[in-house]
Amino acid sequence: MIQRIQSVYMLLAAVASLLLSAVVAIWQTTEGPFKGIDNPVYMFVAGVSAGVFLANIFNFKKRKLQVVLNRAGILINIVLAGFMFWEYITLLKAETVTGPDVGLIMPLVVVVLAVLANKAITKDEALVKSADRFR
């Protein structure tokens with residue numbers, strides 16, 4: 001059921017997580033851009049997040065499970081964002097970082113997409129429940 005809007009949101013969240021883990025620079029250092037692939041913890045957590053969202057796309061018959069897994073993905077990305085901001089501030093005090101980059105806000109983008117997906121899932125669940133009343 002890829003045509004459902006929540007599936008599109010979850011697919012975009014997974015793509016954003018995968019971009020964070022390998023392609024997008026998180027911050028600029030004096031040595032060059034720092035990417036998620038430079039830190040195995042970031043790469044692992046972003047990969048787990050992407051895996052949760054990709055697997056969740058195929059749970060379209062289990063909407064309550066989708067909501068729970070999306071909440072788990074939201075929690076994972078909030079923790080990831082907090083850890084990334086903490087490390088950025090620590091490196092900023094040590095003056096080894098020259099500036100932030102797009103990757104620093106990428107977990108927050110994933111959170112927003114997951115929240116939109118949850119909203120669409122609950123809307124879909126309400127539609128199914130209202131259709132069940134007519135039978």
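The values are calculated or read from the model by the stated rules, or taken from the named source; none is laboratory data. Owing to the predicted nature of the structure, the values given are computational and were not obtained by experimental measurement. Cβ: placed from backbone, ideal geometry, glycine included. Neighbour counts: every protein chain shown. For accessibility, only protein heavy atoms count, side chains too; no ligands or nucleic acids. Shrake-Rupley method; radii C 1.70, N 1.55, O 1.52, S 1.80 Å.
Some observations on this one:
- Of all accessible heavy-atom area on region 1-105, the percent that carbon and sulfur account for (1.4 Å): 73 percent
- Between 13, 46, 120, the GNM of the chain built on Cα springs shorter than 10 angstrom shows 120 fluctuating the most.
- Secondary-structure-derived ellipticity at 222 nm for the chain, considering helices only, amounts to -25000 deg cm²/dmol, per-run term -39500 (n - 2.57) for DSSP H runs with n ≥ 4.
- Computed over the Cα atoms of region 21-72, the ratio of the radius of gyration to the Kirkwood radius (Rg/Rh) comes to 1.19.
- For region 49-135: accessible area per residue (Å², 1.4 Å): 61 Å²
- Cα-based equivalent ellipsoid, region 78-135: semi-axes from gyration tensor eigenvalues, Å: 43, 9, 4
- Potential extension, residue 3-residue 91 segment - 0.36 nm per residue separation minus Cα distance: 27.4 nm
- Estimated D of the chain in µm² per second, where Rh is the Kirkwood radius over Cα pairs and Stokes-Einstein applies at 25 °C, 0.890 mPa s: 157 µm²/s
- Spin-label pair residue 127-residue 22: with each label point 7 Å from Cα along the Cα-Cβ axis, the two points sit 3.4 nm from one another.
- Placing unit charges on the Cβ atoms of the charged side chains and taking the dipole of region 39-106 about its Cα centre, the candidate lying farthest along the positive direction among 94, 74, 59 is 59.
- Region 55-131: trypsin sites (Lys or Arg not before Pro) in DSSP loop, at most 13 other beta carbons within 10 Å: 61, 62
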